[in-house]
Every structure is written in C-alpha cells, then in structure tokens.
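Everything below concerns the one structure shown next.
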Amino acid sequence: MSCSVVLGSQWGDEGKGKIVDMYAPDADIVMRCQGGHNAGHTVFANGTSYILHLVPSGIIHKNVINLAGNGVVVDPAALLNEMEVLEKKGIDFKDRFFISDRAHIIFPYHSAADKLKEKQAGSAKLGTTGLGIGPAYTDKANRTGLRMGELLNRDLIKNCVTDNLAQYNILAKYLYNSETIEAEPIIDEYYEYGKKLAPYIADTASIVNKALKDGKKVLLEGAQGAMLDIDFGTYPFVTSSNGSTGGAASGSGVSPKWFSNIIGVAKAYCTRVGSGPFPTELDGELGERLRIAGKEFGATTGRPRRCGFIDLVALKYAVMINGITHIALTKLDVLSGFDEIKACTSYLADGAAAEGFPANAADLAKAVPVYKSFKGWSASLSELGRLEDFPKEARVYIAFIEEFLEVGFSVISVGSDRNASIVLSGIFE
Ligand code: GDP
Ligand code: IMO
Ligand code: MG
C-alpha cells in the first residue's frame, strides 16, 4: 500500500512536523487533512527553522508535492502570509502546492466570534488559539460556509458574508456588547485573496487519487492530536476537527483502502496547551524543568505548554482509535538529567481502578494517575546514532512503553534537527 499517515497521539505538538519532514523524501505527496493555522509544525533543517501552520511539512523537500485537503479550514490572509515567510526562506510554491477547492474559509467574523466566546466564558474558557477555527467548522457543519473554490466568485462571497454577518452582528451587539463588523471591506478583501490564491486552488482529492493509482507514494499529515480530536479527545476541551485516522481519510478524499502504516507521534512525556483535564500534569518545579528543557512554548501562540509525565492510558486509547501501527517517539533527549521518570499506567476513579479512558472531561479531571517509576539517566542522547549506545535506563524506559502499547517504534527522535533521529523503519515499509 502506498499511503501512510502521520498523526498526533497526545494533545498536539508531539513533533509531527519534524517526523513528516524526515519521512517526506520517501513520499511523492504530503497532504494535510484537517485543522487550520491553529497548527504549528516546526521543522529544523540545514540550520534553518520553519514553522508551518497550514502548509504541509513536506514543503522543504523540492521534489515533494504538497496538498492541503478538503478537511482543512483556510484563513487566506494567514496562508498568504505564511507563504511569503517561506518564500523568503527559499521555498517555491509554484506547481507544487495546492489547496482543496472544497476547503472551508475562515472569515474575520469567525476569529472575532472565537475570541468573544472565550472572553464571555471567563475561567471556563477552552483556551482556543482564537483564530476562528471552531466558528469556521461550525459554519461548515451548519451549511453556511464558503469554500475555497467559491472564493473566485465575488457574488458568492458577498452572499455568504452578508448572510453570516447579519447573524454575527446581532450576537456581537446584543449578546457580547461588542463592535459590529461591516460586510463590504471583507468582500473586497477576500475577493482579492481569491485572485492571489487562484493558481493554488484545485481538486486535491482527484490529484491525490490519480497519484495513488499511478503508483505514487502519499504521506497524510495530521494536525493537533488524538486527545484534541472532536470525537475522541477530552471533549469539550478539543479542537473542532478529527485529527485521528478517520479525519485523515475524510479530510483528504483518500480511501482507507490505501492506508498502510499509521504512525502515531508521541512525546516521551506529555504537554498540553489550553484548558482541560491533563491527569499527569506537573504543576511544580518538575513541570517547569520539563518546560525549559523541552522548550515547551507554543509554535502558534507562544503560550507556555503545560507539562507532565507520559500518560500511557491516554496513549493506548489513541493507539486503538487510530489503528496506530508504529509510534514515532520524540523528545527522549529532553528527559536526560532527570533522576526519576514516571509513566502513568492506570487511573484511579473514586479510589478504584478506572476502566478504559473516560469519555467525560469531569471524570478525567478527577482521575488519579497511577505511576510506574523509572530510574533516570544523565548522558545526552542527541549525538547517539544507535539505540544500542543509549544508557541502559533509557532503553528500559522505552522498552516498557513499547510493551505497554503493544506497538513498535518507527523512529526515536533525540533532537529538533532533521537528522537527530534513530530511524527503525521506513514509512512505506
Ligand atoms: P507539532 O505541532 O507536532 O509539529 O510539534 P511542534 O513543532 O509544535 O512542537 C514540537 C517542538 O519540539 C518543536 O520545537 C520541534 O522542533 C521540537 N522537537 C521535535 N522533535 C524533537 C526531539 O526529538 N527533541 C527535541 N529536543 N526537540 C524536538
Ligand atoms: P499542532 O498541529 C496544540 C488546542 C488549543 C485549545 C484547543 C482548541 O501544532 O499539534 P482551537 O483554536 O483549535 O479551537 O483550540 O486545541 N490546539 C492545539 N494544541 N497543538 C496544536 O496543533 C493545536 N491546535 C489547537 O490550544 O486547547
Ligand atoms: Mg504544534
């Protein structure tokens, strides 16, 4: 089979960008399937750092075609800005980047609604990126959105923006006591975006399926992670799309019949940005140490990420719902220097062992993690090219993870650089 999937298996920011970039030379096409510019995928290659938000993480490799599928939501201004930043770093988009004509558009009233809703929620806020992701997917599901293919038609933009703003402005004025938004400037602005983006808008499902039929290799790139998936994550503290394997299929138009390997990217510990339950979170000095050692600050918003030990209960759930065939374990190097490392192997609910992974965020918030403790190691892992050279303690730790999850590793990543990886299997093997 010639289509493999790389997705997040925790709360996002697992290092998907690095893993996709690393495997991209084996692929003809890299395709993003869901999410929007809430994603921040970092690639560090040849001494240059690239932060990709909507552009797929295969873009740095000249021979790879990059597609953003129907499942993504696009803020055209943010996309044009991202392309400009990348062009300045020598990336060429012509004839090798296409965005689906069916992808939904984020308008300024989406980001405004996102921010107002969060503000109104006060301490109960979700901690969204404020970029309009949720409201744009709401319009998609509500059948009131506009798609990229329609951005080329001024009348369609006008009808959509006028209708949606009529509703938004009532909410802004009477519910949120906030400024209303004028339609006309948005219509003009978005029509201009449409003209600029026209060469990149295409039927990406047909492109990718033709490529597969012709024997080409495709890597589908997820955004966010299993615990932020709208169905399987820690609802309502989730994003508004399916970052799991199902979302890779529906967000690309690639049938699961093509899928071979499904690589779940997981940090050797855990992080989360935004609100919501996080059973293994470390509030104190240890959490701060992890944040500093792992440089855990959001690639999109710069917010400090909440840090904690690896949660194998949540990760095993992610393995199940995604059908993960391999784990790409990242940031193992960050754990060097910790005297003791822990892994959560079960939860206690009201003093008794909890069954499975709770569906309810309130139950998860009450879950008490049960840990297995591991002796730490002091040696740096970043320069080591072989697993056999790792300190025994590091090998014991990762062997336990593998055994617990009943899934092998495809790569162990020990640094942000493209080459700081121990690759155990190819992506299409
Ligand atoms: P993504 O959203 O899943 O692509 O992850 P982000 O790019 O948001 O966050 C991962 C961060 O960890 C980035 O700054 C990467 O450069 C960095 N990173 C990835 N893998 C490793 C690794 O193995 N070790 C270290 N130290 N950093 C890594
Ligand atoms: P990548 O692809 C980490 C989080 C936000 C918030 C919740 C909802 O880089 O892993 P949204 O703006 O999507 O409505 O916010 O989801 N979130 C992410 N956290 N990494 C991401 O993407 C995220 N995208 C959204 O912090 O808690
Ligand atoms: Mg990220």
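The values are calculated or read from the model by the stated rules, or taken from the named source; none is laboratory data. It should be emphasised that the depicted structure is a prediction, and the values quoted were computed from it without experimental measurement. Every residue, glycine as well, gets a Cβ built from its backbone with ideal geometry; the counts of neighbours run over all protein chains shown. All accessible areas refer to the heavy atoms of the entire protein, side chains included, with ligands and DNA or RNA removed. Shrake-Rupley method; radii C 1.70, N 1.55, O 1.52, S 1.80 Å.
Return the total of residues in region 283-329 being touching an Asp or Glu at 6+ places or on another chain (Cβ under 9 Å), part of a strand (DSSP E or B) and within 16 Å of ligand 3 (Cβ to nearest atom).
The number of residues fulfilling the criteria is 4.
Just give me the residues in region 36-59 being surrounded by fewer than 22 Cβ atoms within 10 Å (Cβ to Cβ), of a type outside the set (G, A, S) and assigned to a loop (DSSP other than H, G, I, E, B), in sequence order.
The one that is surrounded by fewer than 22 Cβ atoms within 10 Å (Cβ to Cβ), of a type outside the set (G, A, S) and assigned to a loop (DSSP other than H, G, I, E, B): N46.
When the residues of region 23-35 are narrowed to those that are part of a loop (DSSP other than H, G, I, E, B) and closer than 30 Å to K115 by Cα, which ends up farthest from ligand 2 (Cβ to nearest atom)?
Ranking the candidates gives C33 first.
Among the strands (runs of 3 or more DSSP E) lying completely within region 362-429, list those that include at least 3 residues that are buried (at least 19 other Cβ atoms within 10 Å of the Cβ).
Passing ranges, in order: 408-413.
Select, from V20, V6, the only residue that is within 13 Å of ligand 1 (Cβ to nearest atom) and in a helix (DSSP H, G or I).
Only one candidate passes the filter, namely V20.
If you scan region 113-155, which residues turn out to be closer than 21 Å to G194 by Cα, buried (at least 17 other Cβ atoms within 10 Å of the Cβ) and aliphatic (A, V, I, L, M)?
Answer for region 113-155, where residues must be closer than 21 Å to G194 by Cα, buried (at least 17 other Cβ atoms within 10 Å of the Cβ) and aliphatic (A, V, I, L, M): L131, I133, A136, L146, M148, L151.
Conditions (1) outside the structural domain of L219 (by TED's automatic domain parsing); (2) within 16 Å of ligand 3 (Cβ to nearest atom), marked per residue:
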residue	(1), (2)
D26	no, no
F44	no, yes
H61	no, no
N66	no, no
G69	no, no
D75	no, no
N81	no, no
A112	yes, no
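For residues that are farther than 22 Å from P135 by Cα and open to solvent by less than 10 Å² (accessible area, probe 1.4 Å), scanning just region 60-69, find the one that is nearest to ligand 1 (Cβ to nearest atom).
Per the criteria, the residue is N66.
Out of E118, E189, E184, which single residue is at pLDDT 95 or above, in contact with a Ser or Thr (Cβ under 7 Å, 6 or more places away or on another chain) and part of a helix (DSSP H, G or I)?
Result: E118 is the single residue among E118, E189, E184 that is at pLDDT 95 or above, in contact with a Ser or Thr (Cβ under 7 Å, 6 or more places away or on another chain) and part of a helix (DSSP H, G or I).
Pairs only if they're at least six apart or on different chains, beta carbon under 8 angstrom, first in region 323-335 and touching a residue at least 60 places away in the same chain (Cβ under 8 Å), second open to solvent by 40 Å² or more (accessible area, probe 1.4 Å) and of a type outside the set (A, V, I, L, M); list them, first residue then second.
I327/E402; D333/S380; D333/S382
Can we say G247 is touching a strand residue (DSSP E or B) at 6+ places or on another chain (Cβ under 9 Å), open to solvent by less than 20 Å² (accessible area, probe 1.4 Å), within 15 Å of ligand 2 (Cβ to nearest atom) and in a helix (DSSP H, G or I)?
yes
All but one of (1) open to solvent by 60 Å² or more (accessible area, probe 1.4 Å); (2) in a loop (DSSP other than H, G, I, E, B); (3) over 30 Å from G122 (Cβ atoms) hold for V254; which doesn't?
(1)
Can you tell me which residue among D75, D21 is open to solvent by 10 Å² or more (accessible area, probe 1.4 Å) and of a type outside the set (S, T, Y)?
Going through D75, D21 in turn, just one is open to solvent by 10 Å² or more (accessible area, probe 1.4 Å) and of a type outside the set (S, T, Y): D75.
Could we say that R96 is closer than 18 Å to I201 by Cβ and open to solvent by 10 Å² or more (accessible area, probe 1.4 Å) here?
For R96, the condition - closer than 18 Å to I201 by Cβ and open to solvent by 10 Å² or more (accessible area, probe 1.4 Å) - is met.
Checking V396 against (1) in contact (Cβ under 8 Å) with a residue 24 or more places away in the chain; (2) out of contact with any helix residue (DSSP H, G or I) (no Cβ under 6 Å at 6 or more places or on another chain), which single condition isn't satisfied?
(1)
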